[in-house]
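Below is one structure, written out as structure tokens; the observations come after it.
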Amino acid sequence: MAARAYWQGQIRLALVSIPVEIYSATKSGAKLRFNQIHEPSGKRVSYEKVVPGVGPVDRNEIIRGYEISKGNYVLLEDEEIEAVKIESKRTLELVQFVDACEIDPLYFEKPYYVAPQDELAEEAFVVLREALRKAKKVALGQLSVRGSEKLVAIKPCGKGLLLETLRYADEVRAGQSFFGEIDDAKPKKELLDLANTLIEQKSASFDASEFKDRYSDALRKLIDKKAKSKGGKKVIGDVEEPAAASGSNVIDLMAALKQSVEKDKPKKTTGRKKSA
């Protein structure tokens, strides 16, 4: 089944318009999702809308409210909310270009692939892609979709473009408020050198396939095992217990770093052949 486009429209750079399609770069089905089940009947649990002191209420009696202080709400009708929604536009205007390193990773939210809509759009699409690549810049704009407006960044990605939605400034907390109590003292040079040596020994090119979600894998195996068992309710199996704590002794940082460096050193080969 062909992927469904999240958005179709055109990217505009000054007087140049490029018809494109945007597709989600992530898969929501990769994560396991559970439902709550009533065990005696085996049926899924549903939830009623309940008001404390009133009981269950009809859906047509429910409106949305924004809490302005504890227990005090501004009530909004659906029509009022609809009236202020941003009109969905079919044009993404590129309004600014910045160095990729200028955008703090905290602002990145969700990735999307951008592809030309047809062969006629390819030439202008490739020109934009290569111009961004040569300038080493990221393009910024605001995408109007589904009633809201998203800040987005666009950069080259192989033969295509990668669009990433960004958080707005008021959605990001300032980290300094959490780091204020950390001492400003610099570490000892010997400790720093050991840590740098360990980093160099473990440095490699990033390959996402090298990392597996062991928790999800274990859950899938458990689900498969229970699904194949009689009744699917209980399965007798070997459950690995977490290792017991070996003690509360504080290991010396210097000794730990030295031990780590020695452990990760590449083994030397002597080049001598063993005699028969």
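Quick note: the coordinates plus some simple rules give every number you see, no bench work behind them. Quick caveat: nothing in here was measured; it's all calculated off a predicted structure. Ideal geometry is used to build each Cβ from the backbone, glycine not excepted, and the neighbour counts take in all protein chains shown.
To the nearest 0.05, what FRET efficiency results for Val98 and Thr165 with a Förster distance of 22 Å applied to their C-beta separation?
Computed FRET efficiency for Val98 and Thr165: 0.90.
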Report summary line: Placing +1 on each Lys and Arg Cβ and -1 on each Asp and Glu Cβ in the chain, then taking the dipole about the Cα centre, the residue among Ala135, Met254, Val45 whose Cα reaches farthest towards the positive end is Met254
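Is it possible to state the helix-based mean residue ellipticity at 222 nm for the chain, with each DSSP H run of 4+ residues giving -39500 (n - 2.57), the sum divided by total residues, to the nearest 500 deg cm²/dmol? What is it? Before the final figure, lay out the partial values.
Working: 6 runs with 67 residues, N = 276.
Computed mean residue ellipticity for the chain: -7500 deg cm²/dmol.
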Report summary line: Any aspartates and glutamates whose Cα falls less than 13 Å from that of Lys89, other than same-chain ones fewer than 8 residues away, would be Glu149
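Calculate, in nm to one decimal, what Lys89 and Lys226 gain on full extension: separation in residues at 0.36 nm each, minus their alpha carbon distance. Please report the intermediate quantities before stating the final value.
Numbers: separation 137, 0.36 × 137 = 49.32 nm, distance 4.88 nm.
Value of the extension gain: 44.4 nm.
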Query raised in the report: What order do you get for 164-177, 127-140 when each peptide is scored by the mean count of other beta carbon atoms within 10 Å, highest first?
Result: 127-140, 164-177
Query - Compactness index (Cα Rg / 2.2 N^0.38 Å), the chain - result: 1.50
**Report entry** Exposure proxy order (Cβ contacts within 10 Å, fewest to most) of Glu181, Glu210, Glu149
**Finding:** Glu181, Glu210, Glu149
